[in-house]
Every structure is written in C-alpha cells, then in structure tokens.
1. So which residues in segment 293-305 are part of a loop (DSSP other than H, G, I, E, B) and of a type in the set (Asp, Glu), if there are any at all?
2. Could you list all residues from segment 228-261 that are of a type in the set (A, V, I, L, M) and within 20 Å of ARG343 (Cβ to Cβ)?
3. In this structure, is VAL92 outside the structural domain of LEU293 (by TED's automatic domain parsing) and in contact (Cβ under 8 Å) with a residue 24 or more places away in the chain?
4. What do you reckon, is ASP351 surrounded by fewer than 16 Cβ atoms within 10 Å (Cβ to Cβ), of a type in the set (D, E, K, R), away from the ligand (no atom under 14 Å from the Cβ) and in contact (Cβ under 8 Å) with a residue 24 or more places away in the chain?
5. In segment 306-350, which residues are closer than 20 Å to GLN248 by Cβ, assigned to a loop (DSSP other than H, G, I, E, B) and aliphatic (A, V, I, L, M)?
6. Residue by residue through segment 282-292, note down the ones that are in a loop (DSSP other than H, G, I, E, B), over 8 Å from the mean Cα position of the chain (by Cα) and under 22 Å from ALA262 (Cα atoms).
7. Can you tell which of GLY312, GLY233, GLY201 is small (Gly, Ala, Ser), touching a strand residue (DSSP E or B) at 6+ places or on another chain (Cβ under 9 Å) and within 21 Å of GLU136 (Cβ to Cβ)?
8. Which ones in segment 270-299 are of a type outside the set (A, V, I, L, M), within 12 Å of the ligand (Cβ to nearest atom), under 22 Å from GLU136 (Cβ atoms) and touching a residue at least 24 places away in the same chain (Cβ under 8 Å)?
Amino acid sequence: MADRAQAMLAALPGGAQAALLHNRTNIRYFSGYTGEGLALIDALEHAIITDFRYTEQAMREAPAFAVHEITPQAQHNAVAFARVQAAGVTTVAVEEDALTYADYKALCKAMPGVTFVSLEGVPESMRQIKDADEIELLAQANALTARGFDHICGFIRPGLTEKQIAIELWRWLLENGAESLAFDTIVASGPNGSLCHAIPGPRAVRQGDLITLDFGAKVGGYCADMTRTLALGKISDEQRRMYDTVRQAQQLALDAAKPGAACRDVDAAARVYIDAAGYAGRFGHGLGHATGLDIHEDPRCNTTTQAILKPGMTMTIEPGVYIPDVGGVRIEDSVVITDTGCRILTPATKDLVVL
Ligand SMILES: [Mn+2]
C-alpha cells in the first residue's frame, strides 16, 4: 500500500506536492483505514487526520500512516494546514467529486496561501487495475456469492416473498464469511422482473415466475456482483426465449472481453444480438461496470464510453431483457481481464435453473 501512495505522489497533477483525500474508498485504498476523516499524503508524511472515535482503529488499520487526532481547537482542516506547512507544501490536490462547495470554502479559509488543484481522478485511475491481492479478494467474494446462489436455490419455494428470499440470502452470506453485502440485494419476481433495480417486496413468488436475483458479498473490502434469473415451475415459451437470448448475448460479450477491446464494442456484442432477436430497446442499461472496493467503478461498458479494457481490470458482464407486465431476465458474471481474454470469477451455472 505504501507503493500506492508513492505512485500517486509521482502522478500528482498541476504541480501539487500533496494530496488531501476526502473519499473514504480512496483513503482505504492508500492506507487500509476504513473510518472517517482525511488522509494527507506528501513526501514528508502519510497521515490520517481523524477524531477520538477512530484514532485506535486508524493506528491498527494503517500502520504505515501517522495518525493525528483533532482537538476542539484544531479541527481537520487546521491539522491539515499545520502538516502542509511543516512539509513546505504550497499546492494541494483534492478530489473535486468528493468535496461539497461548503467543504471547499472551509478548506480555502482554513489554509490561507495554499493553492488547491484537482486530483483529476488519479486514485480512481490507479484503482482500475487490480493487483494480485485485490483479484484474490474479488475471487473469494464472488466464490462465496456463487455458493450463496446454490443455497438460495434450495430455499426458494412458492409462497415465500421476495423480501424473505432477500433476507435469507443476506443471512447466509453473512454467516458464511461476508463482512457485509456489497449492495442492496435485488429479488424481482414475475412482472417485477422488468424493474432492473427492483426492491424486494411483499410479492409472494409462484409457479410460472421468472425470479431475478442480483446480489454480492463483500470480502476484505472488495465487492462481488452476480445476477441469475431462475424459473419457478413451468415457464412459457416466451420466457424461455428471453432467457436463451440473454444467455447467448452474455456469452458473446464474454468472448469479446479481452485486453485492447473497446468497452463500447463489448457492450455492442451483446446488444446487437439482443436487438436482432426482437428485443430492441428492451436492454436499456449498459452491459457492465468495474468492481472493486466500490461496487460501481470505472470503466463502464456501455454505448458511449471511450474506455479500453486492460489486464487487471475487473468487470461485470450483465446484459438483460425487460418487458413491462411480463418480466425480465438478467445474467451477470464478474470477470477479470487477463493477458489474453477474461477469466470468470462467478462459479455458477448459467443453464436455466428450474425449481
Ligand atoms: Mn452489477
């Protein structure tokens, strides 16, 4: 992690000699610290600035960082100003998407004479390429998530509500190694399946439903993301055709996901197929996104991105078809881009599971 801070210092834009971080994910990425506060990284010192509630935690989680505790007289920005002056720093880079306008005004007032420049997404760019340790944690998180899918397939039966199914998934994942869930679980049954981000509700699942489950465990801070749509009892020919279409589209996108590929082309590999199958306009979201410490990271695979896939990126591949009043199908794997293609991190079948 010390290497990461050094690498960021070497890449600071605008002549900045220090980075003052507000984004908690970035602070964790560089230091290991997961609590509230600021991180100030310059050539003299790598520091966490926090309050009494978190001091001990910061010292445990970020052994390579100095920990400075604020006082009633010297709050976060004042402590940062003292450290900046000690280091002889005159230009500080900040994350322009992590500060409110009020934060920025307070910072300028507390640090007179200091010039602030944008960090220009340097941490987020670094975070796009995962190292071996990060990929291992993502693999563990996704393997656990896939086991959760096996469990829930043995649990679902007619009469259970979407919410009961979501609670059981949450319970099982937490009892089996997840530190938390990576995001709010989606359980969308029957006609609710056309809502891409449906909130699990009181609807009881029944024979003839397609049920979409989108969920993920968090392990070591890293977020898994998988989706499967399964069938409860006998489904119609049209539901089956939706499933087969999405499955083939997902495979085409997996085949296209390799280093050097334009994310837009990977999206198109699935989208062209879905459109040609008669579902034009029914796949209304992007194909996928990067995952890491945050569930949604850059790059994205969609119709407008300019991004190019590189080895070490971890992406979701998640096409879907959504038809109001009928339902929906989505199939999602998490993958890591390798030197030659991509490796699926989601060890779960994509044959239609019929319960
Ligand atoms: Mn996703």
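1. Once the filter is applied, which keeps residues that are part of a loop (DSSP other than H, G, I, E, B) and of a type in the set (Asp, Glu), segment 293-305 yields only ASP294.
2. Correct list: ALA249, LEU252, ALA253, LEU254, ALA256, ALA257, ALA261.
3. Yes; evaluated as a whole, the condition is true for this residue.
4. Details: surrounded by fewer than 16 Cβ atoms within 10 Å (Cβ to Cβ): yes; of a type in the set (D, E, K, R): yes; away from the ligand (no atom under 14 Å from the Cβ): yes; in contact (Cβ under 8 Å) with a residue 24 or more places away in the chain: no.
No.
5. Result: VAL326, ILE331, ALA348.
6. Scanning segment 282-292 gives PHE283, GLY284, HIS285, GLY286, LEU287.
7. From the options GLY312, GLY233, GLY201, the qualifying one is GLY312.
8. Kept after step one, since they are of a type outside the set (A, V, I, L, M), are these residues of segment 270-299: 271, 273, 275, 278-279, 281-286, 288-289, 291-292, 294, 296-299.
Of the ones still in play, those that are also within 12 Å of the ligand (Cβ to nearest atom) are 285-286, 288-289, 291, 294, 296-297.
Checking the rest, the ones that are also under 22 Å from GLU136 (Cβ atoms) come to 288-289, 291, 294, 296-297.
GLY288, HIS289, THR291, ASP294, GLU297, listed by residue number.
The values are calculated or read from the model by the stated rules, or taken from the named source; none is laboratory data. All of these numbers come straight from a predicted model, not from anything done at the bench. Please note: Cβ atoms are built from the backbone with ideal geometry, for glycine as well, and neighbour counts cover all protein chains shown.
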